[in-house]
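Undergrad: The structure's right below; bear with me while I get my questions together.
The values are calculated or read from the model by the stated rules, or taken from the named source; none is laboratory data. Nothing here was measured: the structure is a model prediction, and the numbers come from that model. Glycine also receives a Cβ, built like all others from the backbone with ideal geometry; neighbour counts cover every protein chain displayed.
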Amino acid sequence: MITRAALGCRLCWTITGAVFAMILIIESLILVPSARRFESEALRLLAVEAQGAVDAVLAPLAVARGAPDLRPALEPLVGRLHIRGLAALRADGSVAAAVGELLQTAARSLGGAVDPSPAILLRSEDGSRVEVSWRNDALGAAGFAARLDASHVRGALRAYVLRIAGLVALIVLVVTAGTMLVLHVLLLKPLMRLRESMRLAAQAPERASEYSVPSRRSDELGEMIVAHNSMLSRIVESIRRDREVAEARARILSHHDGLTGLPNRRSFLEHLSGRRAGDGAAPGVITVCIVNVVQLRRVNAAMGQQTGDRLLWEVGVRVSQAAGAGSFVAHLGAGRFAVARRSGDPAFDAAGFAERILRDAAGEYSIGGDSVAADLRVGISHAPCAACSPEELLNQAELALERAGAEDSGGYAFFENAMAEAAHERRSLSRALERAIGRDDELFLAYQAKASLSGDGMAFSGAEALLRWRHPERGLVRPDVFIALAEATGLILPLGEKVLRRACAQVRDWLERHGRSPRVAVNLSAHQFVAPGLVGLVAGVLRETGIPPALLELEVTESAAMRDAERAASRLHELHELGVCLAIDDFGTGYSSLNYLRRFALDTIKIDKSFVDDIGKDPNAEAICAAILGMARALGRHVVAEGVETEMQLAFLRSHGCDEIQGYLYARPEPAAEFERRFLQTHAALRVAR
């Protein structure tokens with residue numbers, strides 16, 4: 001039985017349609033000549049009947065003697081057997097006797113023919129009349145011609161064609177249905193199973209073999225089904241292998257560093273957990289060393305990331321070799337490696353172990369034809385196996401590494417309990433600072449006045465905004481402590497923005513209440529200076545507060561500007577376009593190039609306090625101050641000396657043409673209210689022009 005699936009099969013309908021069309025064409029080709037033969041035979045029989053009737057009438061006359069008049073004998077035949085006209089012809093073709101309708105072909109009907117069978121000579125355009133002739137030399141006539149009514153032949157032909165067409169249609173339908181049935185049984189059902197198998201396998205390829213198609217066929221379709229089932233099995237096997245490879249790779253990647261091929265931090269901690277448990281061995285001590293490649297960032301910046309990555313790989317190889325058998329070496333990320341060593345001897349020489357690593361792994365490396373120096377620092381934690389958790393051991397080594405980098409310790413340092421206390425203190429202070437940034441009652445600005453030396457005395461000329469923090473429990477926190485903490489923890493950006501907004505708001509307040517305000521300098525940290533949104537931030541604050549840009553001075557440290565001199569020149573130019581004044585702070589302590597200093601859009605150079613402190617004590621410091629002042633005059637830059645505390649320092653700076661001073665000799669940093677009472681309410685004018 002043909003199912004709905006078979007009736008909906010496009011392929012089956014295509015094949016069946018092709019078979020139907022082919023049979024129809026063949027039957028049509030057969031039907032046309034068959035219809036013609038039927039028509040010819042019907043006309044022939046019509047002529048034979050007419051011939052027979054004439055011969056039957058004339059036969060009795062042939063017995064009589066003489067040549068009888070044929071006309072009376074022929075007249076009764078007209079109207080019978082479809083005869084419409086009849087003529088007896090002589091041998092020369094002339095008409096001996098004629099009855100009924102006139103024949104058009106009587107004169108040429110015999111034409112030398114000798115066949116006594118009737119021949120059709122003419123057929124009317126509509127096929128309703130035919131003229132025939134035949135030989136018959138009875139009664140003195142050479143032959144006869146007759147016009148016959150053939151209109152009934154067309155009806156018979158139509159009926160014949162309809163019968164044949166019906167039969168053809170029946171044959172076509174039977175063959176089509178049979179074809180569809182055969183296709184359904186032999187082709188469609190297997191193909192539908194194949195299609196369903198493919199669909200299910202595509203939805204769940206990991207279970208593709210479950211959708212194989214059973215078959216016992218030995219023909220080509222059976223071979224295709226076997227190949228299909230084999231393909232499904234291979235898909236499942238391939239997916240299984242790929243999953244196993246991916247899982248193995250994931251396990252490797254989750255426990256190993258892709259750059260160096262060494263175990264990663266996770267693997268290192270798992271190893272420490274196993275070592276701490278002892279793995280069934282006797283108790284002992286665990287030594288954890290964190291090895292840091294100090295100048296990796298500089299190598300990446302100067303020689304490219306690829307060189308830095310290659311250096312890390314080479315350092316990893318040397319550290320592994322130096323650590324030796326029994327040590328576990330991992331790459332923690334960036335330029336840091338970790339080494340774990342378990343020893344059953346509590347007196348294990350951890351210092352000697354670290355020194356060996358430094359001796360063998362530090363030094364020159366040849367990378368791509370270039371010589372790269374690797375300066376290493378090692379932080380060491382050393383404890384009994386059961387004394388600390390893996391995280392504690394690693395954190396202790398991290399703290400020791402910070403000490404190794406900050407002190408002249410020979411390249412390595414051991415963890416001490418005081419380090420953990422200091423780290424806890426930093427974390428606590430960092431959280432408190434983060435809270436303070438979001439509040440308005442702990443952080444405040446103090447203002448230190450500057451004095452102009454243009455006259456004989458000192459005249460108030462401006463101020464610098466300095467951030468202070470009054471902790472609710474600790475009291476005033478030293479600026480060098482919390483500023484360094486903010487830079488280390490990333491809080492310097494929101495902190496710097498808070499200082500900038502408060503300083504500009506204070507300038508606006510002074511302008512509204514006093515009609516004047518000094519130019520206020522605000523320090524930019526190195527992180528702020530390179531932040532992408534700095535120029536937009538400054539422009540937005542100026543727009544929000546509405547203060548004249550000339551009343552804001554931004555101070556950038558020399559070291560921050562020279563980290564990337566090209567970028568610094570572009571950033572300073574963008575800030576200068578806003579109309580603010582720009583100063584380079586701590587000048588002389590960094591690596592300034594006079595060429596870049598000339599190109600920087602600077603208004604002011606500030607001599608660092610370290611040089612001012614030694615005026616009158618160190619001739620070299622005096623020479624540096626004099627050189628800076630001379631260079632600034634040559635470049636047309638304004639100069640401010642920081643940290644002026646003695647009359648000797650003031651006299652030296654005045655004699656060498658210093659423009660302004662800032663320091664305790666003139667004024668200490670004061671809260672805004674005290675600064676306002678001292679410098680704004682008692683001065684009729686401010687000297688801010690330069």
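Undergrad: What tally of residues in the stretch 489-519 results from selecting those that are outside any loop (DSSP other than H, G, I, E, B) and without any contact (Cβ under 8 Å) to a residue 24 or more places away in the chain?
TA: Qualifying residue count for the region: 3.
Undergrad: Would you mind telling me which numbered condition in (1) outside any helix (DSSP H, G or I); (2) β-branched (V, I, T); (3) under 30 Å from V315 (Cα atoms) V213 fails?
TA: Condition not satisfied by V213: (3).
Undergrad: A follow-up question, please. For the stretch 223-239, what are the residues that are without any contact (Cβ under 8 Å) to a residue 24 or more places away in the chain and surrounded by 11 or more Cβ atoms within 10 Å (Cβ to Cβ)?
TA: Matches in the stretch 223-239: E223, V226, N229, S230, M231, R234, E237, S238.
Undergrad: Would you check which residues across the stretch 149-174 are under 60 Å from the mean Cα position of the chain (by Cα) and surrounded by fewer than 16 Cβ atoms within 10 Å (Cβ to Cβ) and list them?
TA: Result: L173, V174.
Undergrad: Another question about this same structure. Sort through A526, A561, A531, A565 and tell me the only one that's in the same structural domain as V640 (by TED's automatic domain parsing) and either among the acidic types (D, E) or over 25 Å from I628 (Cβ atoms) (or both).
TA: Sole residue among the options that is in the same structural domain as V640 (by TED's automatic domain parsing) and either among the acidic types (D, E) or over 25 Å from I628 (Cβ atoms) (or both): A531.
Undergrad: Okay, moving on. Taking the stretch 399-439 as the search range and keeping residues that are in a helix (DSSP H, G or I) and touching a strand residue (DSSP E or B) at 6+ places or on another chain (Cβ under 6 Å), which one is modelled with the lowest pLDDT?
TA: G405
Undergrad: In addition: When you check S133 against the structure, is it among the polar types (S, T, N, Q), under 27 Å from A119 (Cβ atoms), assigned by TED's automatic domain parsing to the domain that holds V48 and surrounded by fewer than 17 Cβ atoms within 10 Å (Cβ to Cβ), yes or no?
TA: No.
Undergrad: Which strands (runs of 3 or more DSSP E) sit wholly inside the stretch 288-375 and have at least 1 residues that are modelled with pLDDT of 90 or more, touching a His at 6+ places or on another chain (Cβ under 6 Å) and assigned by TED's automatic domain parsing to the domain that holds L393?
TA: Per the criteria, 327-333, 336-343.
Undergrad: On the given criteria, is V522 part of a helix (DSSP H, G or I), modelled with pLDDT of 95 or more and surrounded by 18 or more Cβ atoms within 10 Å (Cβ to Cβ)?
TA: In short, no.
Undergrad: Okay, next question. Criterion first (in contact with an Asp or Glu (Cβ under 9 Å, 6 or more places away or on another chain) and closer than 23 Å to R10 by Cβ) does R195 satisfy it?
TA: When the stated conditions are applied, R195 does not pass them.
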